[in-house]
1. So, in the stretch 238-275, exactly how many residues are open to solvent by less than 20 Å² (accessible area, probe 1.4 Å), at negative phi and in a loop (DSSP other than H, G, I, E, B)?
2. Write out, first by first residue and then by second, each pair whose Cβ atoms fall under 6 Å of each other, whose residues are 6+ apart or on separate chains, and whose first residue, in the stretch 44-72, is closer than 13 Å to I93 by Cβ while the second is open to solvent by 60 Å² or more (accessible area, probe 1.4 Å) and part of a helix (DSSP H, G or I).
3. Hey, G134 hits all of (1) open to solvent by 10 Å² or more (accessible area, probe 1.4 Å); (2) in contact with a Leu (Cβ under 9 Å, 6 or more places away or on another chain); (3) modelled with pLDDT of 95 or more; (4) closer than 30 Å to N211 by Cα but one; which does it fall short on?
4. Within the stretch 75-93, count every residue that is assigned to a loop (DSSP other than H, G, I, E, B) and surrounded by fewer than 22 Cβ atoms within 10 Å (Cβ to Cβ).
5. Please go through the stretch 150-170 and give me each residue that is over 28 Å from I227 (Cβ atoms) and not in a loop (DSSP other than H, G, I, E, B), ordered by number.
6. Please tell me if N143 is within 18 Å of A7 (Cβ to Cβ) and open to solvent by 30 Å² or more (accessible area, probe 1.4 Å).
7. Quick check: is even one residue across the stretch 154-173 without any contact (Cβ under 8 Å) to a residue 24 or more places away in the chain, closer than 30 Å to K59 by Cα and within 21 Å of the chain's Cα centre (by Cα)?
8. Name, by its number, the condition in (1) touching a Ser or Thr at 6+ places or on another chain (Cβ under 6 Å); (2) acidic (D, E); (3) surrounded by fewer than 20 Cβ atoms within 10 Å (Cβ to Cβ) that does not hold for E149.
Amino acid sequence: MITFPNAKINLGLSIIARRPDGYHDIETVFYPVAWEDALEVHADEVNDSGCRLHLHGMKIEGNPEDNLVMKAYRLLASEHRCPAVEAHLYKHIPSGAGLGGGSSDAAFMLKLLNERFDLRLSMEILEAYASRLGADCAFFIRNTPTFAEGTGNLFSPVSLSLKGHQIVIVKPDVFVSTREAFAHVRPRRPAHSVREVIGMDVELWKDYLQNDFEQSVFAQYPIIADIKEELYRMGAFYASMSGSGSAVFGLFKPEDDIPPLAFDESMSCHVGQLQ
């Protein structure tokens, strides 16, 4: 069986407050994007238990045993009947980009195993499992536009459709530490909440929809700020860093003619339509 885990972007990201446990309360909207990995699973003819993971495409740092796909398998296998499998992950979504690629891989692994082994787990149960793997993993279970608050783990539906709009995503060869990004942010409650701004006309987003990580990240990595400005010069009606970076996206109207990309070859780029 094969499935195609997709990326997400953050529409706005407000760091509201620092919590007593050291984490932060945030507000953001997750929106799915059709920049996809491929995840294939089939029966393991060699072993009688466990999961073997084979990685392809973009290089992923770290031990494959620590990959979220493996953690997803072990989590389900600890409580349900999951025969031995071989998994092949074809990586196209850049890591460390704020696009949720690893979280998506894990969530799609849960959904794939649920279908493959007829576990009959509900969406709510799958979301509960996914939340144990990472704060934004559960978003990819339903994979629809979602308002997230708390630490990014409390979800509610949002009435938003950008179907037909075009998107350009650019990921420079830069790694932004999420921990470091949080360390340089001063929490504040914005004059207009993310949920409120999302309900405005998209032409107003440029003035009201902000990512609180940008100020400190741009100061440390000017190339990320340059990409955002270039996307505006290309005609985007809204551009922003996604999450804590380092990917930046620009949104364009359905009828816009997007000029040829002129970014450095070391950067990863995606051009597509939103669903």
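The values are calculated or read from the model by the stated rules, or taken from the named source; none is laboratory data. Since the structure is predicted, the reported quantities are computational estimates derived from the model, not experimental observations. Note that we place each Cβ from the backbone using ideal geometry, even for glycine, and neighbour counts take in every protein chain shown. Note: accessible area is taken over every heavy atom of the protein model, side chains too, but ligands, DNA and RNA are not part of it. Shrake-Rupley method; radii C 1.70, N 1.55, O 1.52, S 1.80 Å.
1. Within the stretch 238-275, residues that are open to solvent by less than 20 Å² (accessible area, probe 1.4 Å), at negative phi and in a loop (DSSP other than H, G, I, E, B) number 5.
2. none
3. Only one criterion is unmet by G134, namely (3).
4. To start, the set of residues in the stretch 75-93 that are assigned to a loop (DSSP other than H, G, I, E, B) comprises 78-84, 92-93.
Next cut, surrounded by fewer than 22 Cβ atoms within 10 Å (Cβ to Cβ) only: 78-84, 92.
Adding up the residues that qualify gives 8.
5. So in the stretch 150-170, the residues over 28 Å from I227 (Cβ atoms) come out as 150, 153-157, 159.
Hits for the stretch 150-170 are L154, F155, S156, P157.
6. Working: within 18 Å of A7 (Cβ to Cβ): yes; open to solvent by 30 Å² or more (accessible area, probe 1.4 Å): yes.
Against the criterion (within 18 Å of A7 (Cβ to Cβ) and open to solvent by 30 Å² or more (accessible area, probe 1.4 Å)), N143 qualifies.
7. no
8. Here E149 clears every test but (1).
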